[in-house]
Amino acid sequence: MPTRVLVLSDTHVPGRARALPPAVLEAAARADLIVHAGDLVRLEVYEELALLAPVVAVHGNVDDPEVYRRLPARAVFERDGVRVGVTHGHLGRAATTPARALEAFAGEDVPPAVVVFGHSHQPLIQRQDGVLLVNPGSPTDPRQAPAPTYAWLELDGGEARARLVELSRRP
């Protein structure tokens, strides 16, 4: 049975929203694993998600000091035969956020098949040089994106598939 991974980034609670959207919490309750690619802002977001499913999370560039102390800048895990790297995407010298996300794992002996990142608030699912890049966008602060978003990543027998989910904008 495939592993369903809820992918989040740039939730910015309480900066951009008072709380995680109900649709995100409902999705988290259905997830086998939650990945958060940084800019949680407060550790309470991590703790709230961890009540619903196991969480792999990294810190971003605007997180509180407690988040920086508790969460790494990057993480790598393997599930269902798929190696996944997680980073926020703000560190490095490359010109674009996706390129910085890839750069974060360039030194790995076994490179990740999937790289999850955030920072730009721009949702993206794209294969580049054999790596599936997943930026879930932001469920609370879409900026120039058409809608708030999160992503699902499905891991199954060494294969990975991802899809974006759009949330409705508040009226």
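State which residue is nearest to Phe77 (Cα to Cα) when the search covers only the range 114-135 and only residues that are in contact with a helix residue (DSSP H, G or I) (Cβ under 6 Å, 6 or more places away or on another chain) and of a type in the set (A, V, I, L, M).
Val115
For residues that are under 16 Å from Pro22 (Cα atoms) and either at pLDDT below 95 or not aromatic (Phe, Trp, Tyr) (or both), tally how many sit in the range 144-159.
So the count comes out to 4.
Could we say that Ala19 is without any contact (Cβ under 8 Å) to a residue 12 or more places away in the chain, farther than 19 Å from His88 by Cα, surrounded by fewer than 18 Cβ atoms within 10 Å (Cβ to Cβ) and of a type in the set (A, V, I, L, M) here?
yes
Need pairs with beta-carbon distance below 6 Å; first residue at negative phi and within the range 64-76, second surrounded by 14 or more Cβ atoms within 10 Å (Cβ to Cβ) and assigned to a strand (DSSP E or B); sequence gap 6+ or separate chains.
Partner pairs satisfying both residue conditions: Leu71/Ala57; Arg74/Thr87; Ala75/Val56; Ala75/Val86; Val76/Gly85.
Out of all the residues in the range 37-74, which are touching a helix residue (DSSP H, G or I) at 6+ places or on another chain (Cβ under 8 Å), in a strand (DSSP E or B) and not β-branched (Val, Ile, Thr)?
Ala57
All but one of (1) outside any strand (DSSP E or B); (2) under 15 Å from the mean Cα position of the chain (by Cα); (3) not acidic (Asp, Glu) hold for Arg161; state the number of the condition that does not hold.
(1)
Here is a yes/no grid of residues against (1) surrounded by fewer than 16 Cβ atoms within 10 Å (Cβ to Cβ); (2) without any contact (Cβ under 8 Å) to a residue 12 or more places away in the chain; (3) not small (Gly, Ala, Ser):
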{"residue": "Ala95", "(1), (2), (3)": "yes, yes, no"}
{"residue": "Ala104", "(1), (2), (3)": "no, no, no"}
{"residue": "Val110", "(1), (2), (3)": "yes, no, yes"}
{"residue": "Ser120", "(1), (2), (3)": "no, no, no"}
{"residue": "Gly137", "(1), (2), (3)": "no, no, no"}
{"residue": "Asp156", "(1), (2), (3)": "yes, no, yes"}
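Suppose we keep only residues that are surrounded by fewer than 20 Cβ atoms within 10 Å (Cβ to Cβ) and hydrophobic (A, V, I, L, M, F, W, C) within the range 74-93. Which one would you say is modelled with the lowest pLDDT?
Among them, the one singled out is Leu91.
Of all residues in the range 52-73, which are crowded, with 19+ Cβ neighbours inside 10 Å and either in contact with a Lys or Arg (Cβ under 7 Å, 6 or more places away or on another chain) or not small (Gly, Ala, Ser) (or both)?
Val55, Val56, Val58, His59, Asp63, Val67, Leu71 - these are the residues of the range 52-73 that are crowded, with 19+ Cβ neighbours inside 10 Å and either in contact with a Lys or Arg (Cβ under 7 Å, 6 or more places away or on another chain) or not small (Gly, Ala, Ser) (or both).
Please verify whether Leu40 is farther than 13 Å from Val116 by Cα, touching a residue at least 24 places away in the same chain (Cβ under 8 Å) and crowded, with 24+ Cβ neighbours inside 10 Å, treating the condition exactly as stated.
The answer is yes for Leu40.
Would you point out the residue of the range 141-154, among those that are under 16 Å from Ala28 (Cβ atoms) and in contact (Cβ under 8 Å) with a residue 40 or more places away in the chain, that is surrounded by the fewest Cβ atoms within 10 Å (Cβ to Cβ)?
Among those that are under 16 Å from Ala28 (Cβ atoms) and in contact (Cβ under 8 Å) with a residue 40 or more places away in the chain, it is Glu154.
Being free of Cβ contacts under 8 Å to residues at least 40 places away in the same chain and not small (Gly, Ala, Ser): is that true of Asp129 here?
Here the answer is yes, as Asp129 does meet what is asked.
How many residues are more than 17 Å from Ala151 (Cβ to Cβ) and either assigned to a loop (DSSP other than H, G, I, E, B) or not hydrophobic (A, V, I, L, M, F, W, C) (or both) if we restrict to the range 13-36?
7
The values are calculated or read from the model by the stated rules, or taken from the named source; none is laboratory data. Fair warning: this is a prediction, and the values are worked out from it, not measured in the lab. Cβ sites come from the backbone with ideal geometry, for glycine too, and all protein chains shown count toward neighbours.
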